[in-house]
Each structure stands twice: as structure tokens, then as C-alpha cells.
1. Could you check region 324-341 and list, in sequence order, the residues that are touching a residue at least 12 places away in the same chain (Cβ under 8 Å) and either part of a loop (DSSP other than H, G, I, E, B) or not assigned by TED's automatic domain parsing to the domain that holds GLU296 (or both)?
2. For region 368-388, what are the residues that are farther than 15 Å from ALA351 by Cα and touching a residue at least 60 places away in the same chain (Cβ under 8 Å)?
3. Taking region 493-507 only, how many residues are assigned to a strand (DSSP E or B) and more than 7 Å from THR451 (Cβ to Cβ)?
4. Condition first: under 30 Å from the mean Cα position of the chain (by Cα), modelled with pLDDT under 90 and crowded, with 16+ Cβ neighbours inside 10 Å. Can you find one or more residues in region 213-233 that meet it?
5. Please work out if LEU401 is in contact (Cβ under 8 Å) with a residue 12 or more places away in the chain, among the aliphatic types (A, V, I, L, M) and surrounded by 18 or more Cβ atoms within 10 Å (Cβ to Cβ).
6. Between SER386, SER374, which is among the hydroxyl-bearing types (Ser, Thr, Tyr), surrounded by 21 or more Cβ atoms within 10 Å (Cβ to Cβ) and within 16 Å of PHE405 (Cβ to Cβ)?
7. Among CYS140, CYS199, which is the only one that is at pLDDT below 50 and of a type in the set (A, V, I, L, M, F, W, C)?
8. Filter region 302-341 down to the residues that are closer than 20 Å to VAL242 by Cα, among the hydrophobic types (A, V, I, L, M, F, W, C) and loosely packed, with under 14 Cβ neighbours inside 10 Å and list them by number.
Amino acid sequence: MILKENMEHKLINSANRSLFRSKNLTMEAFFSAVLGDLLSRSISFVIDRYCWQQQEVDENLHRLLRVLLRIQAIVEEADGRCITNQAMLLQLRMVRDVMYRGYYFLDNFRYRLVQPHDRDEVGDHNLLDPSHSSPSKRFCLSTRTRGIMSDVREKKEMQKMLGHLESIVSDMQEFIVFVSNYPRVNRQPYCSYLLLENCMFGRQAEQERVINFLLEPHPPGDKGIDVLPIIGPGRVGKSTLVEHVCLHERVRKYFSTIVLYCTDSIEGGELTSLTDACVIKHRNPASTKRSLLIIELDDDMDEGTWRRTLHNLRRDHMPPVSKIIITGRSMNIAAFGTTEALELDFLPKEAYWYFFKTIAFGSTNPEDEPKLASIGMEIATLVNGSFMAMLIFSGLLRSNLSVQFWYRFLQGLKYFIDRYFRLLGEDQRYYYKTNNGLSYIWTHGNKFAATMRSHYQASSAHLNDLHMMRASDVFTKDVKLQGKFEILEWQSTIPPYYSYLTRYEILERPPHMLPERKRSRQLSKRT
């Protein structure tokens, strides 16, 4: 009897367990089906939302481009007019700066999307690449993660930029009417302004300020001399700005004589005669008897020398000097001015990128080469505003429009800038800040040599028949450098048509690198 009851209990328990298992399987299948449906719905929702957001981004990019083209048309039309109103010139400068920022934002947004794939597609990894040891997959993953985190912020910035530009366009109706009333500028031959590299870039407002200073009437009977100091670091464009001012038609009609004096022309406050070391830039006997003097200083000038120079000018110079432009690198010459000094600096990154991509791509549209444009933006950032480096590098890049070449150049440039900073403790952009001193030269194959260097400039007409080593040859060819030698860095295609050269002397014992602690601290500040 007991055995029978135990068997019945076992059968009941077995049946209950089977029923329970079947219920669990049914519930698991149910929950699995529900979760699968939810997952598919979620994926569909995410994909639809992404496509909708991407479509919205594309529409905003097209709107941004259309607005920028309208602003660019306004700026180019205003640049072709002889505007004398200072308020309008200030407004034009603000609009031009906004245009550069808009194009920079647009290009940065476009080309950032293709940047993570560059290393996978160039195929030839440079051993000098500091990230060569890191897997490209990790690089792409971290980049995508950062991209996802910044998407919302960048979309908000795009909306803000778009709204700002559209409001500027809507507020420029009166400006366009005023601009149309000014006469057109007499253009030079068509080829001189068709290419941006054949024009003075980014100094329109400064040029008008200097011209207004020169054309300001001089009080009759006043023997004083109006002085405008122009101050800026080396190779920032001081001589180019002054030359374009002197070539302006209004300035040439106003002055009977324009004379250029360099540092070598001034000895203890005594100016050499017109036939010796100075250069006569212009003669116009038909104009009133007034002259313009330009003094270019390589070094500083003390106040005593300046007083003697002014005294001699008032006493001896014929025709009488009414205006002086003095250029130099030292802030001390600001005290010599009778008006506020004009300070020139390197271009902001937005205007610099606009100029860089125009020169580097030439007739090629950067939009057709997004990978090259992405690499080019990084190169422009590393060069950090230097006119000379941009002109040398952009010409070299334009000669070979391949992703592999540009990418290898980028990695070599990164290595050079980092090593330059480690060895000298300064940014490579300030390579031209002083005329001479210790330096390093970057040659083919990413080789480096410690040198003493000396910068100077000469008229291109005097060097036409001379065969000289060029900077592009040093970068691209296996040139053996030893002892003392000269390199032609660049020849200007715009007035004053200078050739920029550097004398080098290879040092047998290069100096040691800076301490690691100091280097790290300075690099972090620079970053």
C-alpha cells in the first residue's frame, strides 16, 4: 500500500515538472518573440532617425554653402570697388572674416568624416608615425566614439553658424546699395588677379588704412613729418603691404617722389644720397612737390638716431618729406609714430586655410578630393599661419595630388615639428622670427641636420641667371648637404618680387635636446 502511494506521488511530481517545463518553454518563446520584435522595431527606429538626421544635416550643409556663396559674391564685388568710407571698410572686413569662418566650419565638418579612413587607404604606413604601433581599428573606434559624442554639439554649432550667416545676408541690403555707388578699381592685367597666389591676400583693410594715412592732407606751412610705424614679425608681409600701397594709383598721383631706405642706408642718423644705397620707387614731376619716405629696419633703432634722421630730413631732403612709413620687428619703433602703429600678425586659421587650399589644390576642386582636403587641413594647422612654409609646402603638394604622398608628407611634418620643438624649445612657425641663429634643416627621407642659418632677401631680377638649390629639391631629392651652402626658399610672384634665401652652415657637433620635463610642459601649453 505504501509502495503504491509512493509511485503515485512520483508520477504526479513528474507530470507537474513536465507541465512546468512546458510552461517555461512557452514563456521563453513568448518573451523571445517579444524581445525580437522590440529589437527589430528599435533598430528600425534608430536607422530611420539616423537617416532623417543625416538628411537634415545634408540640407543644412547645402544651405550653408549657398549662403557662403552669396557672401563671397558680395565680398568680391566690394573688393573691386574703391571704397573710402572707413565704416564700410570695417563692415567689409567683418563680413570677410565671417566668410572665412563659415568656409572653415563647412570644410571641417565635411572632411572630418573621411579622416578616420585615411590611414587604412594610404597603404604605406610611415615608420615615423607616432601612432604606428596602435592598431588602426582602435584608432577608428576611438574616433567614431568621439564623433558620436560630438555630433549633437556640432549640429547645434551648424544651426548657430547658419542662422548667423543668414542674418548677415539679410542685413546687407544697404551695404550692397552703397558699394554699387563707388567707382570700380582700375585692374592690372587679368592674369594678375585671376589666380589668388598672384594677389596680396588678407591685407585689404590694412592697405586702405595706410592709403588713408598717406592721402590725409598735410597742414600748409607745417614742417612736421607724419610717421606711420608698421610692426610685425619676420616674413609676415610688411614689405609686400607697403609695395602694394606705393603702386596704388591714388598714392602715385599724390606724391612726386617715393624713396625706399633700408637699414644700410642710415648711418648714425645720416641718410645716404639718392644715388647711393636707396631705391627710388616712383617719380612724378607733374604732382605737387611732396615726397614719401619708406624706411625698412632689419634691427632696432634707438631714439637718438631717429631724432637725427628726422632733423636731416627736414633740413636737406628735396622735395620736402611730408610722410614716412617705417617698418620693423621691434615694438620700440611705435614711439616714433605720429599716429597709432599698424601691427601685422599671421592670418587667423580660418583665413589661412582658405588661402592654403586655394594654393595647394590649384585648379583641382577640393570637394572632389575629400581625403586630400582632410590631410591638407591638418597640414595647414601644423604650419600654424606661416606664409613662407605655406607657399613652399603648397607648391610641393600641388605637384603630386595623391593621398599616399600627402599622407607621408603629413607624417614627416609632424615628426619634424615635434623634433624641432624638442631640440630648440620653440614653435617651428617662429623659424623666421630672427634673421639668424641655431636651426635644423629637414631633408629628404626625414633626415635632420643641425645648422647655423641666416635669412636674407634679394631682388628676383638679380637671381634669374643663377642656378641655386631650391627648398623643394631638399625635400624631395636626396641632396647631399655639407659645409656652407645657400637655399632659395621661395620666389614671390607679386610685388616687390623678392627672392627669399637662407645661408646654412652644417654643425659638426649638434646640440643636445632639451630636458624631457621642460619639453612636455611646453608641448602641453602649445597644444
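The values are calculated or read from the model by the stated rules, or taken from the named source; none is laboratory data. A quick note: this is a predicted structure, and the numbers were derived from the prediction, not measured. No Cβ is skipped: glycine too gets one built from the backbone with ideal geometry, and neighbour counts run over all protein chains shown.
1. Result: ARG329, SER330, GLY337, THR338, THR339, ALA341.
2. PRO370, LYS371, ALA373, SER374, ILE375, MET388
3. So the count comes out to 6.
4. Yes - at least one qualifying residue is present in region 213-233.
5. no
6. From the options SER386, SER374, the qualifying one is SER374.
7. Testing whether each residue is at pLDDT below 50 and of a type in the set (A, V, I, L, M, F, W, C) leaves just CYS140.
8. Selection gives MET331, ALA335.
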